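Here is the structure we will look at, set down as structure tokens.
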Amino acid sequence: MKRGHHGRVVLCAFHYNRMMRILELFSGIGGAAAAAKLSNVGEVVASVDINERAATVLRANCSHPVFVREMESLDDKWFEDWHADIWWASPPCQPFTRRGNMRDFNDARAKPFLNLIDRIDRLGPPRIALENVPGFERSQTASRLRQTLANAGYKYQEHLLCPTQIGIPNRRRRYYLVAATGGLECAPAPISPEPRTVSEVLDRHSEDTRWRCDELAVKQETHRKYESAISIVEREDDAAVTSCFTAAYGRSYVRSGSYLRTATGVRRFSPSEVLSFLGFPSSYVWPDEISITAAWRLAGNSLSVPIVANVLASFIEAEQL
Ligand SMILES: C[S@@+](CC[C@H](N)C(=O)[O-])C[C@H]1O[C@@H](n2cnc3c(N)ncnc32)[C@H](O)[C@@H]1O
């Protein structure tokens, strides 16, 4: 761990003589691609996701190929031909959530995940990193994954990590697994970039004209109705921590993310501000054809970039030992 002035944990600059090739599976808008850049561990060589809109956003922000495909429809050769050092995967989490009835591998939405486990068994990629919701670790799918990894001779570690642990003012506790046929660092290396306060998030978007004020505003009667059930933060509160932004933000008022108190009322955070809480670079763009509701949904499905950068760093630190 490295600490900067004021005792803050700062981004470790890794000096590694070879950039690892990363295959980004269930890529969404490319949170892992952004994390790979932040960590310096490697670069994403290809991304794949079934969602056309997510691919549109990712293509606007990266130069590597982005495939819109159902993962199960790709043959083994497709995977092998990328000669990837790391397979990154963020499979759908609904089968492991209460909202999704926790049907585990009996849920049809677990099919691509189970397909991935079989693929790992057959092809044995050198390193695997994976993200899911807390609770996944108690599922039968997780048991199957562990069994597959152990039988194939992988060493693996599991972590529950939240961006608040590295000073980011946003909750997003998630399950992470790293597995490798070689060594592994005992814990993800701490990386803590900005933003560290709500005002830092907002300052990064002072020129943001992509979203209209009326799209962000919360009607007074709605605010009054849900006031006791929602989290409202203030710009001036440096200790404020926002709640997890989910794919329902903008559609459902409660348990979908925090709101901002302004001089004139209460408003939602814009999709760009949500990305900022997730640690995406401020250069990240939303293409014009992506509506605000679609942008909120895509951002809410994404991940904490600095946390994933930490997770990916587990590989490199181990190889430097
Ligand atoms: C939890 S999200 C991952 C989001 C991503 N990590 C990001 O940074 O935006 C799960 C993703 O899996 C995709 N997905 C679901 N079923 C799929 C399938 N059968 N094949 C490929 N992608 C699939 C969804 O479209 C969604 O983008």
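The values are calculated or read from the model by the stated rules, or taken from the named source; none is laboratory data. Predicted, not measured: the structure shown is a model, and the values here were computed from it. Note: ideal-geometry Cβ built from the backbone for every residue, glycine included; neighbour counts use all protein chains shown.
Exactly one residue out of Ser283, Ser231, Ser256 is under 19 Å from the mean Cα position of the chain (by Cα), outside the structural domain of Arg99 (by TED's automatic domain parsing), under 22 Å from Arg174 (Cβ atoms) and not β-branched (Val, Ile, Thr): that is Ser256. Hey, any hits in the range 153-164 for a residue that's hydroxyl-bearing (Ser, Thr, Tyr), out of contact with any helix residue (DSSP H, G or I) (no Cβ under 9 Å at 6 or more places or on another chain) and either under 21 Å from Ala34 (Cα atoms) or surrounded by 15 or more Cβ atoms within 10 Å (Cβ to Cβ) (or both)? Within the range 153-164, one or more residues are hydroxyl-bearing (Ser, Thr, Tyr), out of contact with any helix residue (DSSP H, G or I) (no Cβ under 9 Å at 6 or more places or on another chain) and either under 21 Å from Ala34 (Cα atoms) or surrounded by 15 or more Cβ atoms within 10 Å (Cβ to Cβ) (or both).
If you go through the range 81-112 and keep only what is surrounded by 21 or more Cβ atoms within 10 Å (Cβ to Cβ) and more than 9 Å from the ligand (Cβ to nearest atom), you end up with Ala84, Ile86, Trp87, Pro95, Phe96, Ala110.
Pick from the range 47-57 the residues that are surrounded by 15 or more Cβ atoms within 10 Å (Cβ to Cβ) and more than 8 Å from the ligand (Cβ to nearest atom): which of them is nearest to Ala294 (Cα to Cα)?
Arg53
Within the range 290-300, is there a residue that is free of Cβ contacts under 8 Å to residues at least 12 places away in the same chain and either away from the ligand (no atom under 16 Å from the Cβ) or of a type in the set (Phe, Trp, Tyr) (or both)? Spell out how you get there, then give the answer.
Just the residues of the range 290-300 that are free of Cβ contacts under 8 Å to residues at least 12 places away in the same chain, to begin with: 291.
The next check asks that each one be either away from the ligand (no atom under 16 Å from the Cβ) or of a type in the set (Phe, Trp, Tyr) (or both); those that pass are 291.
There is at least one residue in the range 290-300 that is free of Cβ contacts under 8 Å to residues at least 12 places away in the same chain and either away from the ligand (no atom under 16 Å from the Cβ) or of a type in the set (Phe, Trp, Tyr) (or both).
Among the residues making up the range 63-77, those that are more than 11 Å from the ligand (Cβ to nearest atom) and surrounded by 15 or more Cβ atoms within 10 Å (Cβ to Cβ) are His64, Val66.
Listed conditions (1) within 16 Å of the ligand (Cβ to nearest atom); (2) farther than 22 Å from Arg172 by Cα; (3) modelled with pLDDT of 95 or more are all met by Ile128, apart from (2). Across the range 117-176, the qualifying residues are those that are small (Gly, Ala, Ser) and within 20 Å of Trp82 (Cβ to Cβ), and the one among them that is nearest to the chain's Cα centre (by Cα) is Ala129.
Quick check on the range 141-149. Is at least one of its residues free of Cβ contacts under 8 Å to residues at least 24 places away in the same chain, over 30 Å from Glu236 (Cβ atoms) and part of a strand (DSSP E or B)? Within the range 141-149 (the criterion being free of Cβ contacts under 8 Å to residues at least 24 places away in the same chain, over 30 Å from Glu236 (Cβ atoms) and part of a strand (DSSP E or B)), the answer is no, since none of the residues qualifies. If you check Arg21, Arg53, Arg8, Arg59 for being more than 26 Å from Trp296 (Cα to Cα) and modelled with pLDDT of 95 or more, only one passes: Arg21. Which of the residues that make up the range 15-46 are among the hydroxyl-bearing types (Ser, Thr, Tyr) and more than 7 Å from the ligand (Cβ to nearest atom)? Scanning the range 15-46 gives Tyr16, Ser39.
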